[in-house]
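Before any comments, here is the structure.
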Amino acid sequence: MTPLNFRSLDLNLLRVFDEVMAERSLTRAAEKLAITQPAVSNAMRRLRDAVGDDLLVRQGQGVQPTPRAQALWPVVREALASLADNLAPERFDPATAKTTLVLAMADATSATLIPHLVAILEAEAPGVTVRTLPLTTRDPRGLLDEDNADLAIGNFPAVLADLTARAQSGALVAYESRRLYDGEYMAAMRHDHPLAKGPLTLEGYCAARHALVSFSGRAWGFIDEALASLGRTRHIALTVNQYGTAARVVAQSDLVTVMPRHFVPLTHMAEQLHIAPLPLEVMAVHVDALWHKRGANHMAYAWMVQALGRAAHRALGSVQAGPLRTV
């Protein structure tokens, strides 16, 4: 393979490559770039010859990137975004903006933030539309990479730890995050549950039957990891993907669940639930916004994150939104 001569590389090919990767279609990329499909095909052929890799393979009506293309795309997008920010700085005026932002979040997060966010949008950004998607993973980077969501809001401790480690090692990291609010997990059960008669012990907790809230549907969560470190287990009798559903279930059964303390009033079932501290140490609820640096609406993202921080402050009262953190 002939080594790539970067000096002779037509950088316009990278713009075409970026659009094709985003659309996974030569036809749609051509429409976005306002050029013909043969021109897109020719550009991709020239880039393929330059890098010595097919980059794309046909799949149905679209194209599938090769591993080399997947590795190259974040670097290309980061470089193009940096150039755009410096040559033509993006501006975002919430009062006049007409845009749609897609937010991925769990039901507990949505119930906490969205009512207050709507009030902020009505007052400050009436032309901004928000769509919410259910968050079904603890690692939303795939959603962001594939442009299925603009921002993900949730508890992502493993993801943030990984991104921090990558940044400290000098690797390119394409995401930003901001802490929106903190909370704590509590045990929840019906008021007349046998375990509600006294302090919740580890023995009693492990002997109970449990309802697990799992975004992925996997019957294993962070509580089980904490119990395993103590050499203990619990019996998960039911797995659901929403805290609201779990609250309704435990209010009418002998099951016990775990939920963020601040979410309990939002279930409208607080009077039917007994809330108790967990009898073991578990991680706190850290709710973060995560987004991709390469996003086309980066200034809109920045404004939305600030708005989410204010919504969190209003929702939780004394809870202050954390500082902006790049990882």
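Helix 157-168 and the long axis of the chain differ in direction by around 40°, with both axes built from C-alpha atoms.
Just to confirm the number: angle between the C-alpha axis of helix 67-87 and the first principal axis of the chain, 0 to 90 degrees, nearest 10? On a 0 to 90 degree scale, this one is about 80. Placing dummy labels 7 Å off each Cα toward the beta-carbon, the span from D49 to H235 is 6.9 nm.
The angle between the Cα long axis of helix 107-124 and the main principal axis of the chain comes to about 60°, on a 0 to 90 degree scale. Only protein atoms count toward the accessible area here, which uses a 1.4 Å probe; on the range 191-280, the carbon and sulfur part of that area reaches 52 percent. Full extension of the segment from R58 to S214, taken as 0.36 nm per residue of separation minus the current Cα-Cα distance, would add 52.6 nm.
Here are labelled values, (i) 19.3; (ii) 22.4; (iii) 20.2, and one is the computed Kirkwood radius over Cα pairs in Å for what I pasted. Which one? Recomputing Kirkwood radius over Cα pairs in Å here picks out (ii).
Based on the Cβ-Cβ distance from L9 to Q242, what FRET efficiency comes out when R0 is 41 Å, to the nearest 0.05? E between L9 and Q242, to the nearest 0.05, is 0.25. Here the label points at R131 and D182, each 7 Å from Cα along the C-beta direction, are separated by 3.5 nm in the simple model.
The values are calculated or read from the model by the stated rules, or taken from the named source; none is laboratory data. Since the model is a prediction, treat every value here as computed from it, not as a measurement. Positions of Cβ are backbone-derived with ideal geometry, glycine not excepted, and every protein chain shown enters the neighbour counts. What goes into the accessible areas is simple: the full protein's heavy atoms, side chains included, and nothing from ligands, DNA or RNA. Shrake-Rupley method; radii C 1.70, N 1.55, O 1.52, S 1.80 Å.
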